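In what follows, a structure is listed as structure tokens, so that the remarks can point back to it.
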Amino acid sequence: MKIELVSIHIERSPKAMPLAAAMLKAKLDSLNGPENRVTVSMCDFYTDDDAEHIASSVLAKKPDMAGFSVYLWNRELSLQVASIIKKKAPGIIVCLGGPEAGEMPEKLLNAGVFDLAVTGEGEIAFAKAVYGILNGDAVPENRIFNVPVNDLNDLPSPFLSGTVDLSKYEGVLWELSRGCPFKCDFCFESRGLSGVRRFSLDRIEAELRLFEEKKVTQVFVLDPTFNQDRERAKNILRLIRKIAPSIHFTFEVRTEFLDEEMAELFASVNCGLQIGLQSSDSSVLKCVNRSFDPVKFREKINILNRKNAVFGLDLIYGLPCDTLAGFRKSIDFAVSLQPNNLDIFPLAVLPGTVLHDKADSFGLDFANNAPYTVRSTPQFPAEDMKKAQLLSKSCDIFYNRGRAVGWLFMVLETLNMRPSEFFEKFAEREVDGDICKAQCSIVKDMFEKAGKRNLSTAMTDIIRYNDCLNKSLESGFSGKIDGKVSLHKVYRLSPSVNFLTLSYDHDELLMIGEINLIDFVKRFKPYRTEVITYNDNGNSVSMPLDTVWIKLLRSLDGKRTLDQTIKSANINRSEAIEFIEFCAESGILL
């Protein structure tokens, strides 16, 4: 039997890796005897691909079975593709799995395009369906296969088995465990399952070594609560620090399980944490079966800040019992904790969740089809949902994409303004693509309206300075030049280099934070400074330079030799060579 497993990803990104399909293939491959009865291949598509194109690509492989992993973002497209396949090749068995299949198999099967559904964990159930067909076994009357996985270590690793070609993907989805100890009403992660099951540390270490060997750059850990088992989490972080220090990891964690040692370990590896706050109102969270103590939450977050661990927070608007005013307070609380990013989503009432069962009792009006988002609640009318959406968009542009975490508190302190109030002001502005320019413009306007125009120059210096630092960091480290600098070679600037003209002295400007903005402007006078920022081995560095050296660096265009560049700049040769040697050793030049 020839099987084609179809993955339709939400977008092209480092997260677009077909882990579900790879787990199915790895299990089927492990069961294949010498007779090689089953051949499995995988194909990747995206939600902006045309249904006809996807169907034609699948049909070109001439499979006996096509399997679809169906999620809320690709459900309709999967139905369209499956329908085309069935019309053009009725003999192909079309199977579906994934979260949407697990929660509404009958509805999807009744659409008339799928022959079988695999619900729950798919590896053993799908294998049972495939070999049952091969052996001529009777298909269940409801056409649904569901077989739980009792021991996760019975599942072959899709990485160690070679099922996934790691060189094809920008990032890796990594599963260390399954299940969740919490039972939040809006999530179906733990519904129908008991406890948390974990893959062995031996397997995890072997996969880590493979990731490092294959030069993987990004890993997204799928565990909903990575740090629930404190000691295991610490052991894994130690393994990462030892084996794969250059790979960036993303973890979902809960603050309840954080302690000083764990925070230090998170800070010692290349990673970011995502923490589900959802709301800062304990009464709202109680409505969805979550508990929350704002004092303890802040204490735990402060540990992360003290250790300089990178973390982000999640918020949801439209929760039962919440209001627009309450949502604004949640934003204010979240921003006060200075997360590196603040991700905000509308509530989705997912089929199969407790919240879906309770929707009528809460008076939730939500979309019946994916993505199942709430349109209104008795406390959060449609008009307020639109306002919350604009507030969310403004926060994403200004705070997340604008990387404002390092300086927004200075603006808010100076203006005596709440974060939500500030984001609402920003939402009124059109952003033409240059977010830093828009940030500077609105801050300048707000300072002027508040009668604090004299502070805006220093503040916009800080905003532009932070923007350049972040750009240098995101550009990555290009490496250092080995060997002696040669006058006869051609050099160019690293992509991480940014030039910046400040209105205040570079070193004095960096004192803002230690002293407030008002005191800074009283104490220091404007002093024009030329600065470069660059990436030095993963660290964003800034350096003030005399105009002559700025001119020399700008002249390094990768076309003329160093000797020709120095002559054209009319600079002292020995001093220029000494400066260029420093730049070569610092990662400024290529």
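Computed values, structure above
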{"item": "Residue count, segment 512-528 (criterion: under 36 Å from the mean Cα position of the chain (by Cα), in contact (Cβ under 8 Å) with a residue 12 or more places away in the chain and either assigned to a strand (DSSP E or B) or farther than 20 Å from LEU473 by Cβ (or both))", "result": "3"}
{"item": "Cβ-Cβ under 9 Å pairs, at least 6 apart or on other chains, segment 251-271 side in a loop (DSSP other than H, G, I, E, B), far side polar (S, T, N, Q) and buried (at least 21 other Cβ atoms within 10 Å of the Cβ)", "result": "ARG254/THR225; ARG254/ASN227; LEU258/ASN227"}
{"item": "Complete set of residues in segment 364-406 that are of a type in the set (A, V, I, L, M) and either closer than 29 Å to PHE311 by Cβ or surrounded by fewer than 16 Cβ atoms within 10 Å (Cβ to Cβ) (or both)", "result": "ALA367, VAL374, ALA382, MET385, ALA388, LEU390, LEU391, ILE397, ALA404, VAL405"}
{"item": "Complete set of residues in segment 311-363 that are of a type outside the set (Phe, Trp, Tyr), assigned to a helix (DSSP H, G or I), within 24 Å of the chain's Cα centre (by Cα) and crowded, with 18+ Cβ neighbours inside 10 Å", "result": "ARG328, SER330, ILE331, ALA334, VAL335"}
{"item": "Qualifying residue in segment 527-539 (condition: of a type in the set (Lys, Arg), out of contact with any Gly (no Cβ under 8 Å at 6 or more places or on another chain) and over 30 Å from ASN454 (Cα atoms))", "result": "no"}
{"item": "Residue tally, condition of a type in the set (A, V, I, L, M), over 9 Å from GLY318 (Cα atoms) and at pLDDT 95 or above, over segment 365-389", "result": "1"}
{"item": "Residue under evaluation MET17, criteria (1) closer than 19 Å to LEU166 by Cβ; (2) in a helix (DSSP H, G or I), criterion not met", "result": "(2)"}
{"item": "SER280 being more than 22 Å from PRO14 (Cα to Cα), crowded, with 20+ Cβ neighbours inside 10 Å and modelled with pLDDT of 95 or more", "result": "yes"}
{"item": "Among (1) within 21 Å of THR47 (Cα to Cα); (2) under 28 Å from the mean Cα position of the chain (by Cα), the one test that ILE85 misses", "result": "(2)"}
{"item": "Output for segment 261-273, where each listed residue is in contact with a Phe, Trp or Tyr (Cβ under 8 Å, 6 or more places away or on another chain) and surrounded by fewer than 19 Cβ atoms within 10 Å (Cβ to Cβ)", "result": "ASN270, GLY272"}
{"item": "Residues located in segment 25-58, provided they are touching a Cys at 6+ places or on another chain (Cβ under 9 Å) and touching a residue at least 40 places away in the same chain (Cβ under 8 Å)", "result": "ILE54, VAL58"}
{"item": "Residue in segment 462-479 that is farther than 26 Å from SER540 by Cβ, assigned to a helix (DSSP H, G or I) and not polar (S, T, N, Q) present", "result": "no"}
{"item": "Out of SER496, SER503, SER475, sole residue that is in contact with a helix residue (DSSP H, G or I) (Cβ under 9 Å, 6 or more places away or on another chain), in contact (Cβ under 8 Å) with a residue 12 or more places away in the chain and surrounded by fewer than 18 Cβ atoms within 10 Å (Cβ to Cβ)", "result": "SER503"}
{"item": "Scope segment 364-400; condition in a loop (DSSP other than H, G, I, E, B), farther than 23 Å from ASN289 by Cβ and either more than 22 Å from the chain's Cα centre (by Cα) or among the acidic types (Asp, Glu) (or both); matching residues", "result": "ASN368, ASN369, PRO381"}
{"item": "One residue from PHE422, PHE426, PHE447 being closer than 19 Å to ILE515 by Cα, part of a helix (DSSP H, G or I) and either in the same structural domain as ILE515 (by TED's automatic domain parsing) or aromatic (Phe, Trp, Tyr) (or both)", "result": "PHE447"}
{"item": "Residue match in segment 44-66 (condition: closer than 22 Å to ALA367 by Cβ, among the small types (Gly, Ala, Ser), within 33 Å of the chain's Cα centre (by Cα) and surrounded by fewer than 20 Cβ atoms within 10 Å (Cβ to Cβ))", "result": "yes"}
{"item": "Selection within segment 405-419 - touching a residue at least 40 places away in the same chain (Cβ under 8 Å) and not in a helix (DSSP H, G or I)", "result": "VAL405, GLY406, TRP407, ARG418"}
{"item": "Filter result (without any contact (Cβ under 8 Å) to a residue 12 or more places away in the chain and in a loop (DSSP other than H, G, I, E, B)) within segment 288-305", "result": "SER291, ASP293"}
{"item": "Criterion: free of Cβ contacts under 8 Å to residues at least 12 places away in the same chain and in a helix (DSSP H, G or I) - qualifying residue of LYS567, LYS551", "result": "LYS567"}
{"item": "Residue under evaluation ALA82, criteria (1) under 30 Å from LEU210 (Cβ atoms); (2) buried (at least 17 other Cβ atoms within 10 Å of the Cβ); (3) of a type outside the set (Val, Ile, Thr); (4) in contact with a strand residue (DSSP E or B) (Cβ under 6 Å, 6 or more places away or on another chain), criterion not met", "result": "(1)"}
{"item": "Filter result for SER41 (of a type in the set (Ser, Thr, Tyr), assigned to a helix (DSSP H, G or I), in contact with a strand residue (DSSP E or B) (Cβ under 9 Å, 6 or more places away or on another chain) and closer than 22 Å to ASP165 by Cα)", "result": "no"}
{"item": "In segment 67-79, residue surrounded by the fewest Cβ atoms within 10 Å (Cβ to Cβ) [restricted to those that are in contact (Cβ under 8 Å) with a residue 40 or more places away in the chain and assigned to a loop (DSSP other than H, G, I, E, B)]", "result": "TRP73"}
{"item": "Scan of segment 450-477 for residues that are over 18 Å from GLU508 (Cα atoms) and either touching a His at 6+ places or on another chain (Cβ under 9 Å) or hydroxyl-bearing (Ser, Thr, Tyr) (or both), ordered by number", "result": "SER472, SER475"}
{"item": "From the options SER503, SER574, SER586, residue that is of a type in the set (Gly, Ala, Ser), more than 30 Å from SER268 (Cα to Cα) and at pLDDT below 90", "result": "SER574"}
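Yes/no per residue for (1) crowded, with 19+ Cβ neighbours inside 10 Å; (2) at pLDDT 90 or above; (3) assigned to a helix (DSSP H, G or I); (4) among the small types (Gly, Ala, Ser):
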position	(1), (2), (3), (4)
PRO90	no, yes, no, no
GLU100	yes, no, yes, no
LYS107	no, no, yes, no
ALA111	no, no, no, yes
ALA117	yes, yes, no, yes
ALA125	yes, yes, yes, yes
VAL130	yes, yes, yes, no
VAL149	no, yes, no, no
THR163	yes, yes, no, no
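The values are calculated or read from the model by the stated rules, or taken from the named source; none is laboratory data. As the structure is a computational prediction, the values presented were derived from the model and not from experiment. As a convention, Cβ positions derive from the backbone with ideal geometry for all residues, glycine included, and neighbour counts pool all protein chains shown.
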